[in-house]
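Q: Please read through the structure below; I'll follow up with questions.
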2 protein chains.
Amino acid sequence: MDVRIIICGLGRVGQAFVGLLIQKDKDLKKRYDLNLKVVGAVDIGGAAVSSSGLPLEEVMAHLKKGGRVEEMSGFGKKGLTGKDVLSSVPADLLVETTPTNIKDGEPGMTHMRTALTLGRHVVTAAKGPLVIRYNELKELAKKSKVKMMISAATAAALPTLDVGLSCLAGTEVLTAEGILNGTTNYILTRMYEEGTPYKDALAEAQKMGVAEPDPSIDVEGRDTANKILLIANEVFQGGLSLGDIPVEGITRVTPEEIQKAKKEGKVIKLIGKAERKDGKVVASVAPMPLPANHPLASVRGTEKAISYLTDTMDRVTVSGGKSNPVGAAAAILKDIIRIYQN
Amino acid sequence: MDVRIIICGLGRVGQAFVGLLIQKDKDLKKRYDLNLKVVGAVDIGGAAVSSSGLPLEEVMAHLKKGGRVEEMSGFGKKGLTGKDVLSSVPADLLVETTPTNIKDGEPGMTHMRTALTLGRHVVTAAKGPLVIRYNELKELAKKSKVKMMISAATAAALPTLDVGLSCLAGTEVLTAEGILNGTTNYILTRMYEEGTPYKDALAEAQKMGVAEPDPSIDVEGRDTANKILLIANEVFQGGLSLGDIPVEGITRVTPEEIQKAKKEGKVIKLIGKAERKDGKVVASVAPMPLPANHPLASVRGTEKAISYLTDTMDRVTVSGGKSNPVGAAAAILKDIIRIYQN
């Protein structure tokens with residue numbers, strides 16, 4: 001089966017995805033009967049377009065040399081936007097990997113709206129549009145009878161949604177608790193295991209590239225909030241907005257609190273939690289002391305995990321998954337396969 | 001969507017499944033648009049049959065009183081076998097919950113062959129037929145273009161196959177390592193944490209109902225071997241037979257070995273392992289010392305878990321899942337939903 005893809009965003013995740021398509025081409029045909037063709041590749045300055053599929057090795061070689069897609073001879077079109085390409089090039093699926101923008105979700109928002117309205121599946125790593133307008137986009141997908149797959153926006157290679165929606169299908173999920181941000185878990189692990197003060201642990205994480213130069217989105221709990229929002233909406237059909245979620249980060253966690261918890265046999269973790277309470281879905285983000293036998297207590301360093309409590313299957317916990325652009329790209333590829341699996 | 005089910009086997013898992021159908025009826029219609037009807041319920045002495053769907057509350061009340069299906073007035077037919085019902089009652093799907101029989105797989109083998117040949121999906125908790133004739137049954141399903149879903153036979157509510165096949169779709173799974181048997185993990189945990197000798201830990205497990213009066217299938221590693229065989233065949237497409245798997249149980253693990261490992265910071269666990277080696281798929285079962293930071297090292301008591309190492313998503317580990325008839329029934333229900341999901 002041929003699948004014609006338009007990819008918007010050729011940063012680290014977008015390039016890793018193109019790399020995977022090259023690397024996995026034979027395997028995808030053999031194992032899944034999928035011939036994935038990129039008919040449009042869009043970045044800030046324009047696009048490369050080919051209705052029969054772009055030569056991906058050439059695209060990658062061009063980008064690796066610092067070239068831009070719109071400059072590719074035979075394929076490049078300067079100034080063409082994602083919306084232009086989506087509206088003019090026949091395709092089955094949009095892969096959205098533009099940077100996350102929590103203010104207005106652009107340009108991902110326009111890309112996703114356009115694709116869904118035109119009846120194309122959307123597979124996205126961009127959290128912005130989802131966090132801002134989840135309900136609208138979900139409704140659009142439903143109306144057009146296409147899928148909107150968001151694994152890469154909800155902890156990427158850690159299969160938070162696959163487990164919540166498929167592995168636990170038919171159960172009632174009572175609570176979801178997640179360690180959804182590697183940076184904060186790394187800092188808390190250092191503070192717990194070595195007694196490092198918060199500021200030193202953060203500085204070290206920044207030195208290692210585990211934390212961003214501006215770490216506020218992570219350490220203030222906002223990244224975790226974005227993810228638990230999406231999980232609450234997908235798994236619990238919560239219809240929540242970001243404003244419904246009280247968020248506390250780890251910036252005020254002291255070494256004393258951590259050592260006190262440790263003496264009581266507990267570990268403090270930054271937990272994104274969603275649950276049904278009095279018939280309503282509620283979610284929150286806060287540092288929480290977990291007993292040592294809690295399945296999330298042993299999740300160390302940059303690792304992520306989510307633990308679901310259900311009515312008929314009891315507790316199911318999944319951990320791990322690569323936290324880099326290749327992991328995110330692999331999550332995108334997984335979502336594409338799942339659209340056509342069955 | 002109406003789904004007509006024939007269920008063979010009304011022991012603990014079969015009854016738990018019928019119980020779930022009653023409990024979840026509204027939810028299944030609302031969330032998944034599935035109207036699951038049981039058109040045939042078969043046990044040793046005969047069957048109850050109704051092409052418009054059996055009254056499940058009545059069936060359960062009858063069974064709870066010690067009654068037999070073939071005696072149900074209006075529906076019961078004495079002497080009718082699974083094969084008879086499968087051949088004569090129009091249906092979409094077989095749920096196979098007869099006891100596991102590793103000798104010849106019967107009666108599940110006949111039921112599954114009949115159903116698959118007639119183009120009906122099969123969802124099975126019975127390991128026997130799968131362990132003995134996996135390749136033949138898989139081929140039959142392929143030929144008839146139906147699904148054979150075996151979650152309930154591969155650690156039930158622990159989603160071993162869902163994770164390996166769906167959550168990791170598109171990756172190359174390099175190794176799968178599982179703690180797939182709760183009884184042996186309970187015994188090893190007691191030996192590790194309290195220095196209990198093997199025989200005492202086993203006796204205690206038997207007293208608690210965690211181990212069977214005849215524990216040999218568990219403690220000799222054969223249950224783990226059955227499960228890793230199926231996982232190797234589904235996830236790695238290994239085409240393996242039971243005879244290909246060297247199996248060592250936990251009966252010869254001494255407290256001294258466990259304490260020695262402990263001093264080295266290691267935990268001994270009974271591991272079912274499958275991997276690709278020199279282009280071939282190999283599997284094995286043996287007690288293995290795991291370093292403390294191995295994701296399976298912290299899996300305690302009767303809990304089960306599986307850890308997959310992949311090329312593009314790194315390591316993904318899933319643990320938990322209820323280990324009783326309700327958990328197995330929930331896994332069957334999940335498989336049914338997954339057949340019709342998408």
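Q: Peptides A:230-243, A:26-39: what's the order by average Cβ count within 10 Å, highest mean first?
A: Details: A:230-243: 19.2, A:26-39: 16.1.
Put in order of decreasing packing, that is A:230-243, A:26-39.
Q: Still on this model: Taking the dipole about the Cα centre of the protein assembly as shown, with the C-beta of Lys and Arg at +1 and of Asp and Glu at -1, give me whichever of A:MET72, B:GLY164, B:ILE332 is farthest to the positive side.
A: A:MET72
Q: Which lysines have a Cα less than 17 Å from the Cα of B:LYS142, not counting those fewer than 8 places away in the same chain?
A: Within reach: A:LYS30.
Q: Among all the aspartates and glutamates, which ones have a C-alpha under 13 Å from B:LYS37's C-alpha, if same-chain residues fewer than 8 places away are not counted?
A: Once the sequence-local aspartates and glutamates are set aside, what remains near B:LYS37 is B:ASP2, B:ASP25, B:GLU57, B:ASP92.
Q: OK, next. Shortest first, in nm, what separates the label point of B:ASP214 from those of the same position in the other copies (7 Å along Cα→Cβ)?
A: 6.9
Q: Now for a separate question. Can you run phi through the Karplus equation (6.51, -1.76, 1.60; θ = phi - 60°) for the range B:241-253 and list ³J(HN,Hα) in whole Hz, with x for Gly and Pro?
A: Couplings: 10, 4, x, 7, 10, x, 10, 10, x, 10, 5, 9, 6 Hz.
Q: Another question, then. Could you go through the range A:109-121 in sequence order and give the Karplus-derived ³J(HN,Hα) for each residue, using 6.51 cos²θ - 1.76 cosθ + 1.60 with θ = phi - 60°, rounded to whole Hz, and x for Gly and Pro?
A: Taking θ as phi minus 60°, the curve returns 4, 4, 4, 5, 4, 4, 4, 5, 5, 7, x, 10, 4 Hz for the range A:109-121.
Q: On average, how many beta carbons from a partner chain sit within 10 Å of the beta carbon of a residue in B:158-167?
A: On the way: counts 4, 10, 1, 1, 7, 7, 0, 1, 10, 15.
Counting Cβ atoms of other protein chains within 10 Å of each residue's Cβ and averaging gives 6.
Q: On to the next question. Which of the three applies to the range B:160-319, rounded, prolate or oblate, going by the alpha-carbon gyration tensor with a ≥ b ≥ c and a/c under 1.5 meaning rounded? Intermediate results must be reported in sequence, preceding the final value.
A: On the way: a/c = 2.00, a/b = 1.60, b/c = 1.25.
Because a/c hits 1.5 or more and a/b exceeds b/c, the range B:160-319 counts as prolate.
Q: How far is B:SER73 from the same spot in each other copy, in nm, shortest first, if each label point sits 7 Å from Cα toward Cβ?
A: In nanometres, ordered from closest: 9.0.
Q: Could you give the dipole magnitude of the protein assembly as shown about its Cα centre, charging the beta-carbon of Lys and Arg +1 and that of Asp and Glu -1, in debye to the nearest 20?
A: 900
Q: I need the shape label for the protein assembly as shown. Rule: rounded when a/c is under 1.5, else prolate if a/b > b/c, else oblate, with a, b, c from the alpha carbon gyration tensor. Numbers along the way, then the final one.
A: Details: a/c = 1.72, a/b = 1.27, b/c = 1.35.
Here the protein assembly as shown falls in the oblate category.
Q: So, R0 is 30 Å and r is the distance between the beta-carbons of B:LYS103 and B:ASP33; what FRET efficiency does that work out to, to 0.05? Present the calculation step by step, with values, prior to reporting the outcome.
A: Details: r = 41 Å, r/R0 = 1.37.
Approximately 0.15, to the nearest 0.05.
Q: Could I ask something else about it? Place +1 on the Cβ of every Lys and Arg and -1 on the Cβ of every Asp and Glu in chain A, take the dipole about the Cα centre, and give the residue among A:LEU140, A:GLY108, A:GLN237 whose Cα lies farthest towards its positive end.
A: Result: A:LEU140, furthest along the dipole toward the positive end.
Q: Explain nothing, just the number: dipole magnitude of the range A:287-341 about its Cα centre with +1 on each Lys and Arg Cβ and -1 on each Asp and Glu Cβ, in debye rounded to the nearest 20. It would help to have the intermediate numbers written out before the result.
A: Details: 6 positive and 4 negative charges, 41 e Å.
Its charge dipole is roughly 200 debye.
Q: Which net charge results for the neighbourhood of B:VAL282, defined as the other residues with beta-carbon distances under 14 angstrom from its beta-carbon, given Lys and Arg at +1 and Asp and Glu at -1?
A: Details: positive: B:LYS273, B:ARG276, B:LYS277, B:LYS280; negative: B:GLU177, B:ASP244, B:GLU275, B:ASP278.
Summing Lys and Arg as +1 and Asp and Glu as -1 gives 0.
Q: Could you please report the charge total around A:THR98, scoring K, R as +1 and D, E as -1 over all other residues with beta-carbon less than 14 angstrom from its beta-carbon? Please report the intermediate quantities before stating the final value.
A: Values: positive: A:ARG12, A:LYS83, A:LYS103, A:ARG113, A:LYS127; negative: A:ASP43, A:GLU96, A:ASP104, A:GLU106.
Here the charged neighbours net out to +1.
Q: Pick from A:VAL69, A:VAL210, A:VAL123: which is most flexible by mean-square fluctuation in a GNM of chain A where alpha carbon atoms under 10 Å apart are linked?
A: Looking only at A:VAL69, A:VAL210, A:VAL123, the biggest GNM fluctuation is shown by A:VAL210.
Q: A further question follows. Please list the non-local residues whose amide H lies under 5 Å from the amide H of B:ILE268, H modeled 1.01 Å from N, same-chain partners needing a gap of 5 or more.
A: The list, which skips near neighbours in sequence, is B:LEU290.
Q: Compute the label-point distances linking B:LYS145 to its equivalents in the other copies; points lie 7 Å from Cα along Cα→Cβ; give nm, one decimal, shortest first.
A: Going from nearest to farthest copy, the values are 1.9 nm.
Q: Where the only charges are on Cβ atoms (+1 Lys, Arg; -1 Asp, Glu), what is the dipole of the range B:195-311 about its Cα centre, to the nearest 20 debye? Don't jump to the answer; show the numbers that get you there.
A: Details: 16 positive and 17 negative charges, 70 e Å.
Its charge dipole is roughly 340 debye.
Q: Name the long-range amide H neighbours of A:THR175: under 5 Å, sequence gap of 5 or more, or other chain; modelled H, no Pro or chain starts.
A: Those qualifying (amide H under 5 Å, at least 5 residues apart or on another chain) are A:LEU309.
Q: Output the 0 to 90 degree angle, nearest 10, between the alpha-carbon long axis of helix B:128-143 and the longest principal axis computed from the alpha carbons of chain B.
A: Around 60 degrees separate the two axes.
Q: Using the count of nearby Cβ atoms within 10 Å as a rough guide to exposure, how do A:MET60, B:MET1 rank from fewest to most? Don't skip to the answer; put the middle values down first.
A: On the way: A:MET60 16, B:MET1 10.
Lowest to highest Cβ neighbour count: B:MET1, A:MET60.
Q: Let me ask something else about it. Helix B:222-235 versus the longest principal axis of chain B: what is the Cα-based angle in degrees, 0 to 90, to the nearest 10?
A: 80
Q: If you plug each phi of the range B:36-43 into the Karplus form 6.51 cos²θ - 1.76 cosθ + 1.60 with θ = phi - 60°, what whole-Hz ³J(HN,Hα) values come out, in order, with x for Gly and Pro?
A: Whole-Hz 3J(HN,Hα) from phi for the range B:36-43: 8, 10, 9, 8, x, 10, 10, 9.
Q: Then there is this: Most mobile of A:THR184, A:THR124, A:THR254 per a Gaussian network model of chain A (Cα springs, under 10 Å)?
A: Most flexible of the set in this elastic network: A:THR254.
Q: Could you list A:LEU118, B:LEU229 in order of exposure, starting from the residue whose Cβ has the fewest other Cβ atoms within 10 Å?
A: Details: A:LEU118 14, B:LEU229 27.
Exposure proxy ranking, most exposed first: A:LEU118, B:LEU229.
Q: Could you pull out every residue, at least 5 positions away or on a different chain, whose amide H is within less than 5 Å of the one on A:GLY221? Hs are placed 1.01 Å off N in the peptide plane, and Pro or chain starts have none.
A: Amide H to amide H, under 5 Å and 5 or more residues apart or across chains, A:GLY221 pairs with A:ILE250.
Q: Taking only DSSP H segments of four or more residues, each worth -39500 (n - 2.57), what value at 222 nm results for chain A once the sum is divided by all its residues, to the nearest 500 deg cm²/dmol? Before the final figure, lay out each step's value.
A: Details: 11 runs with 129 residues, N = 342.
The helix-only estimate for chain A comes to -11500 deg cm²/dmol at 222 nm.
Q: Pairs on different chains or at least eight residues apart, Cα atoms closer than 17 Å: how many lysine pairs in the range B:160-319 fit? Intermediate results must be reported in sequence, preceding the final value.
A: Values: B:LYS199/B:LYS207; B:LYS199/B:LYS269; B:LYS227/B:LYS269; B:LYS227/B:LYS273; B:LYS227/B:LYS304; B:LYS260/B:LYS269; B:LYS269/B:LYS304; B:LYS273/B:LYS304.
For the range B:160-319, the number of qualifying lysine pairs is 8.
Q: Counting only other chains, what is the mean number of Cβ atoms within 10 angstrom of the Cβ of each residue in peptide B:321-328?
A: Values: counts 8, 8, 1, 1, 0, 4, 4, 1.
Averaged over the peptide's residues, the number is 3.
Q: Sort A:HIS121, A:HIS294 by Cβ crowding within 10 Å, fewest neighbours at the top. Display every interim value, and only then the final one.
A: Details: A:HIS121 23, A:HIS294 19.
Exposure proxy ranking, most exposed first: A:HIS294, A:HIS121.
Q: Determine the shape class of the range A:1-93: with a ≥ b ≥ c the square roots of the Cα gyration tensor eigenvalues, call it rounded for a/c under 1.5, and otherwise prolate if a/b is greater than b/c, oblate otherwise. Intermediate values should be presented prior to the final figure.
A: On the way: a/c = 2.02, a/b = 1.35, b/c = 1.49.
Because a/c hits 1.5 or more and a/b fails to exceed b/c, the range A:1-93 counts as oblate.
The numbers here are math on the coordinates, done by the rules we state, and not lab data. No experiment lies behind these values; they were computed from the predicted model shown. Don't worry about glycine lacking a Cβ; one is built from the backbone with ideal geometry, like all the others, and counts go over all protein chains shown.
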